[in-house]
Each structure stands twice: as C-alpha cells, then as structure tokens.
Amino acid sequence: MSEKFTVEIITPDKSFLKSEAAEVTIPSYEGQMGILKDHISLITFLRPGFILIKNAEEKKFYVEEGTVEFSNNKLLILTSTVKDLKNFNKDLVENLVQEAEKKLNDQNTSDKEKYIISYKIDALKELSL
Amino acid sequence: MPSLDDLKKRIKSVKSTQKITKAMKMVAAAKLRKAQESAEKGRPYSQKMQNIILNLTKSINDPQNAPKLLVGTGEDKKYLCVVLTADRGLCGGFNSNICKLAKTNFKKIISEGKELNIITVGSKGHDQIKREYGKYVIKKFSFKDKKNISFNEADEVGKEIISLFNQNKFDKCIIFYNNFKNVITQIPQAQQIIPAETKNLKESNDQNFSYEFEPEEDEILEDLLPKNISTQVFKALLENAASEQGSRMTAMDNATRNAGDLVDKLTIDYNRSRQASITKELIEIISGAESL
C-alpha cells in the first residue's frame with residue numbers, strides 16, 4: 001500500500017503544481033502543520049512561510065497567504081502568492097523585508113496584520129541565511 | 001445604374017474593408033489563444049474555492065448565526081446586478097447578448113416591485129444599459145487601459161460589492177457574463193454570488209465530510225467569503241475576455257467572407273456594365289456606318 005497522497009497547488013491563473021507526496025508541511029495560521037496520508041478532513045489558512053513537499057526529493061515554496069483543504073487524501077492549496085525559491089535572490093528578499101518592516105511600524109496596521117507581517121519577516125530572514 | 005467609375009470605387013472600398021476585418025480576425029485569433037488559456041487555467045481555482053464554500057455551508061448547523069455573505073440577509077427585496085461586458089465593440093453579439101439577458105432580469109426584478117441597483121463593468125455594456133436603465137446604475141468600471149486582466153481588477157470590483165453589502169444596499173447579488181464554451185459558442189450567464197448559490201450542491205456528491213477547522217469555522221468563513229466573491233468576479237472576467245476574442249474572431253471571419261461575396265457580385269456588375277457600354281458603342285459605330 002502506498003503511503004502517498006496527491007497535493008495540488010492552484011493559483012488564480014494556473015495550476016501551479018500537482019504531484020504525489022509522502023509528507024507535506026504547511027505554515028498554517030496557528031503554526032506549522034505536517035500532513036501525512038489519511039489525515040482528518042481539514043480546512044485552514046496559511047500565514048507567510050514555506051510549504052515543504054517531501055517525496056523522493058524535497059520541494060520548497062514560499063507563500064504569503066492561502067487556503068488549504070484536505071479531504072479524501074487530496075491536499076488542495078489555493079493561493080495567489082506562491083513562489084518558487086529559485087526565483088529569490090538576496091536583493092529581492094532584502095527589499096521585501098524592508099517593505100514589511102515599514103508596514104509593521106505603520107500605525108494604521110491592525111494587530112492581526114502585524115501578526116501576519118511578523119511571520120513574513122521571520123520567513124524571509126530565515127531564507128537569507 | 002451606377003457608372004463604371006462608381007462601381008470601381010465601391011469595389012476598392014469593400015476590398016480595403018475586407019483587409020481590415022481580416023487583420024482584426026488574425027489579431028483576435030492570436031489574443032484568443034492567450035485568453036482561452038488563462039480562462040481554462042483559472043477555472044480550477046474558482047471551482048475549488050466554490051467547493052470549499054459549499055462544503056462549509058453543509059457543515060453549518062446554525063443558519064441564523066452564519067455570516068450574512070453566505071446565507072443572505074434573509075430578505076429578498078433589493079437586488080444588485082453586476083453586468084460584465086467588453087470595452088470594445090465589433091465582436092458580434094457578444095455585448096448585446098449579455099445585455100439582453102441582463103435586461104430580461106431587470107424587467108423581472110422591477111415588475112416584482114423590488115429595488116434594483118446596477119454596476120457595469122466595461123464601457124460597451126454601460127452604453128447599452130444606460131439608455132433604458134440609466135437611473136439604476138450606481139457605479140461603472142472600465143478597464144480599458146489595462147492590457148491584461150489581473151486579479152487586482154477583480155478584487156476592486158469585489159471590494160466594491162462587499163462594501164455595498166455591508167452598507168445594506170442589497171440582499172442579493174447577481175453577475176452577468178459570457179461563459180466561454182468554445183470559439184463559436186459563448187453562453188451568456190447569470191450567476192448569483194450573494195448569497196452563495198447552493199444548487200450545485202448535489203454535483204459535489206453528498207458525502208458528508210466533517211471538517212476540522214483551524215482557526216474557528218466562522219473566522220475562516222469571514223475571510224474566505226470576500227475572497228470568494230473576488231474570485232468569482234475574476235473568473236467571470238477571464239471567461240468574458242476569452243469569449244470576447246472568440247466572438248470577435250467569428251464575427252470578423254463572417255465579415256471577411258461577406259466582403260468577399262460582395263466584391264464578387266460587384267465585379268460581375270462592373271464587367272457586365274463595361275461589356276454593355278462596349279456593345280453600345282459598337283452598335284453606334286455600325287449603325288453610323290450603315291447609314292452612310
């Protein structure tokens with residue numbers, strides 16, 4: 001019996017990725033979440049972070065937000081901000097961090113947004129290591 | 001009977017029109033491929049989003065406390081109609097088909113004594129609707145200067161819809177657009193987005209999932225529903241873009257063919273009257289010679 005399930009990442013303009021996976025780690029709204037086969041049906045949100053898809057090899061993507069549905073061994077990730085890590089370089093990351101920090105210090109930003117942004121900064125900083 | 005010179009000019013003008021329509025057809029064909037691709041690629045996202053919403057709807061036990069965006073205000077008095085059309089003409093019945101469908105609905109809503117508000121997206125639709133229903137139009141969008149439709153434009157429309165809803169301006173929201181089936185067929189459609197339509201519920205088979213929610217159910221819905229509205233608008237815009245190019249391509253193809261037929265007919269006329277004038281001259285010469 002195979003221990004794999006299908007994972008699909010869909011953006012508004014295309015189907016970004018469809019593959020098999022043995023384990024997927026997603027940055028869910030309330031913390032990192034690892035999903036294996038036969039996980040209970042689930043709907044959750046994403047906060048900024050990395051999606052890690054483990055199969056024969058590991059794939060890693062950066063996301064800012066999204067919706068996740070898991071049912072019948074199908075993991076569905078709807079997001080408009082998924083990015084392949086290959087497209088990141090140091091300058092871009094630094095720019096993003098600066099932008100995010102600026103927004104974090106803005107008074108008009110609500111607490112909820114600040115929560116999200118702080119994760120965004122953490123994720124981006126982790127990347128530049 | 002037009003003179004030879006007139007016919008010649010006429011043929012020339014039809015030929016140049018034919019050149020234009022031919023060029024427009026080619027341009028539409030090239031754009032169609034791109035638009036069709038993005039429409040087809042965009043479908044899964046909106047469908048899956050709709051599915052999640054439907055699944056969520058099923059798991060709601062207490063409709064009274066459910067978010068209003070999902071179950072509606074419980075009333076049925078005020079309608080908001082969003083009519084999505086193109087910004088350019090010369091695409092056959094594309095714009096008029098949407099407007100026709102929309103107008104039938106408007107008539108129905110008004111005859112039932114309900115309040116009607118209209119938002120138009122795209123200038124062509126606005127032009128057609130303002131003549132009869134101008135006073136109901138509360139806002140118009142036009143993305144004429146945008147080359148490609150992105151999610152931002154849809155979001156703009158979606159946010160407007162939601163802010164109107166929060167101000168209690170309407171109970172039900174319907175969007176009108178053309179669904180792209182293939183190059184020759186586009187089906188004008190009316191889709192109710194607020195409250196979310198649940199009649200497709202059966203298609204997504206009656207399995208009863210009990211989902212685990214994280215964070216809480218209502219928090220998810222609160223966030224997801226506005227997103228879904230924008231997504232549905234975005235889908236409609238993409239379908240529309242593809243339909244517009246498809247419709248234009250067919251229309252221009254027909255126009256090119258018609259122009260060809262017209263040129264043939266005019267050429268025959270032209271040759272016939274040329275022959276007639278030659279014969280006439282010959283007869284004149286011969287009868288002149290005979291009388292000598």
| Residues (more than 24 Å from B:I53 (Cα to Cα), crowded, with 20+ Cβ neighbours inside 10 Å and touching a helix residue (DSSP H, G or I) at 6+ places or on another chain (Cβ under 8 Å)) located in the stretch A:15-60 | A:G49
| message | Scan the stretch A:53-63 and tell me whether some residue there is of a type in the set (G, A, S) and not in a strand (DSSP E or B). | response | yes
| For A:S2, are the conditions met, namely being on the phi < 0 side of the Ramachandran plot, away from chain B (no Cβ under 12 Å) and in a loop (DSSP other than H, G, I, E, B)? | yes
| said: Can you pull out every residue in the stretch B:255-278 that is closer than 19 Å to B:K15 by Cα, out of contact with any Ser or Thr (no Cβ under 8 Å at 6 or more places or on another chain) and either free of Cβ contacts under 8 Å to residues at least 60 places away in the same chain or among the hydrophobic types (A, V, I, L, M, F, W, C) (or both)? | reply: B:R257, B:N258, B:D261, B:L262, B:V263, B:D264, B:K265, B:L266, B:I268, B:N271
| query | What's the number of the condition B:K19 fails, among (1) within 14 Å of chain A (Cβ to nearest Cβ); (2) modelled with pLDDT of 95 or more? | reply | (1)
| query | Is the stretch B:237-249 home to any residue that is outside the structural domain of B:G122 (by TED's automatic domain parsing), farther than 21 Å from A:D13 by Cβ and among the polar types (S, T, N, Q)? | reply | no
| task | Spot the failing condition for B:I118; the list is (1) at positive phi; (2) at pLDDT 90 or above, and only one is missed. | result | (1)
| task | From the list B:L224, B:L201, pick out the single residue that is assigned by TED's automatic domain parsing to the domain that holds B:S96, crowded, with 21+ Cβ neighbours inside 10 Å, modelled with pLDDT under 85 and more than 14 Å from the chain's Cα centre (by Cα). | result | B:L224
| said: Within the stretch A:68-96, take every residue that is in contact with a helix residue (DSSP H, G or I) (Cβ under 8 Å, 6 or more places away or on another chain) and away from every other protein chain (no Cβ under 14 Å) and give me the one that is surrounded by the fewest Cβ atoms within 10 Å (Cβ to Cβ). | reply: A:K90
| task | Please specify each residue of the stretch A:20-41 satisfying the condition of being in contact (Cβ under 8 Å) with a residue 40 or more places away in the chain and either more than 10 Å from every other protein chain (Cβ to nearest Cβ) or closer than 15 Å to A:S71 by Cα (or both). | result | A:A21, A:V24, A:I26, A:P27, A:I35
| message | Can you confirm whether B:S230 is within 30 Å of A:M33 (Cα to Cα), touching a residue at least 40 places away in the same chain (Cβ under 8 Å) and not in a helix (DSSP H, G or I)? | response | no
| Is at least one residue of the stretch B:119-139 in a loop (DSSP other than H, G, I, E, B), surrounded by fewer than 20 Cβ atoms within 10 Å (Cβ to Cβ) and either touching a residue at least 40 places away in the same chain (Cβ under 8 Å) or not polar (S, T, N, Q) (or both)? | no
| task | Output the residues belonging to the stretch B:147-175 that are free of Cβ contacts under 8 Å to residues at least 24 places away in the same chain and under 18 Å from B:V83 (Cβ atoms). | result | B:E156
| Hey, B:T57 under 30 Å from B:L221 (Cβ atoms), surrounded by fewer than 17 Cβ atoms within 10 Å (Cβ to Cβ) and among the polar types (S, T, N, Q) or not | no
| Matching residues, the stretch B:227-258, being charged (D, E, K, R) and over 21 Å from the mean Cα position of the chain (by Cα) | B:K227, B:R257
| B:K77 being over 20 Å from the mean Cα position of the chain (by Cα), assigned by TED's automatic domain parsing to the domain that holds B:Q245 and buried (at least 18 other Cβ atoms within 10 Å of the Cβ) | no
| task | Could you list all residues from the stretch B:43-65 that are over 14 Å from A:T67 (Cβ atoms) and either at pLDDT 85 or above or β-branched (V, I, T) (or both)? | result | B:R43, B:T57, B:I60
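Quick grid of which residues meet (1) without any contact (Cβ under 8 Å) to a residue 60 or more places away in the chain; (2) not assigned by TED's automatic domain parsing to the domain that holds B:L164:
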site: B:A28; (1), (2): no, yes
site: B:A35; (1), (2): no, yes
site: B:Q47; (1), (2): yes, no
site: B:T57; (1), (2): no, no
site: B:C81; (1), (2): no, no
site: B:G89; (1), (2): yes, no
site: B:L101; (1), (2): no, no
site: B:F106; (1), (2): yes, no
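The values are calculated or read from the model by the stated rules, or taken from the named source; none is laboratory data. Here the structure is a predicted model, which is why all the values come from computation and not from measurement. In this analysis, Cβ positions are derived from the backbone assuming ideal geometry, glycine residues included, and neighbour counts consider all displayed protein chains.
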